[in-house]
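Below: one structure, written as structure tokens.
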Amino acid sequence: MDIIAFIAGLIVGIVAVSIAVEFAWKKSVPEKTCKIIKNWSLNEISNALIVAERIHIPLPPDAKVVVGNPSPFAKNARENPQVTGNFAVGINKAFIFAGDIKKGQVAIVTSDEDILKELRETFYEFYRVKEKPATYVSKKGRVRVRGLVRAVFPYRDGYMIRLSYEGGLVGVLIKERMDVEGRRIEVEGEMKEYPFIEPYNITILD
């Protein structure tokens, strides 16, 4: 009987120690600070600092934003062509996106203080860099111009956008008609014969 009691007591002791060790181990594991999400809203982050290669959704009114490429949703954003990465960081959490900031984009949400600090520093590195000029128009070669579309009309084998900007007027040659009269656009392209631009990218800004 004494031997049975001894063995039973030993087993109970081993189980108790195992439970105690497991409990202590679980308590010592760092709290999970990151997870992958698809349902998110930028409005969840107050006073957001946002870095984006390109924006495809409306932004919170109190956000500071720096983008690599203009878009209709980033009209008041600061531009920096060196921008890489896409994230929004606030006081106590951040979203780090797998690609352009758009609806349904996969993101990691984190509350890790070291990561938040690094994201804020990265934001201000991009934000403090002087913006590239909104418009540069040369007589020949590569150009970038922002302006207001005055008219779109047939021209030769396609159409022409009559674009006014602070330096005057240019004609943007396109193959298919665009419904952009009265709207602000940005054109990047080649000035083949002044003042006619052959565009390789047209962005609607409003």
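Projecting the Cα positions of F153, F196, G168 onto the charge dipole of the range 141-204 (unit charges on Cβ atoms of Lys, Arg, Asp and Glu, taken about the Cα centre) puts G168 furthest along the positive direction.
When the listed pairs K38/K64; K64/K117; K38/K75; K75/K175; K64/K102; K35/K103 are checked against a 21 Å cut-off, the alpha-carbon distance exceeds it for K38/K64; K38/K75; K75/K175.
Would you mind ranking S71, S111 by Cβ crowding within 10 Å, fewest neighbours first?
Working: S71 19, S111 14.
If I rank by nearby Cβ atoms, fewest first, I get S111, S71.
Calculation over all alpha carbon pairs of the range 71-206 in 5 angstrom steps from 0 returns a P(r) of 2, 9, 16, 17, 14, 11, 10, 9, 7, 4, 2, 0 percent.
Just how large is the dipole of the range 34-128 about the Cα centre, in debye to the nearest 20, putting +1 at every Lys and Arg Cβ and -1 at every Asp and Glu Cβ? Provide the component values of the computation, followed by the final result.
Working: 12 positive and 11 negative charges, 68 e Å.
Value, rounded to 20: 320 debye.
Magnitude of the charge dipole for the range 141-204, about its Cα centre and with charges confined to Cβ atoms of Lys, Arg (+1) and Asp, Glu (-1), is about 120 debye. Per-residue Cβ neighbour counts within 10 Å put D114, D100 in the sequence D114, D100, beginning with the fewest.
Coordinate-derived values only; no laboratory data. Just so it is clear, the structure is predicted and the values come from calculations on it, not from any experiment. Glycine gets a Cβ as well: all are built from the backbone with ideal geometry, and neighbour counts include every protein chain shown.
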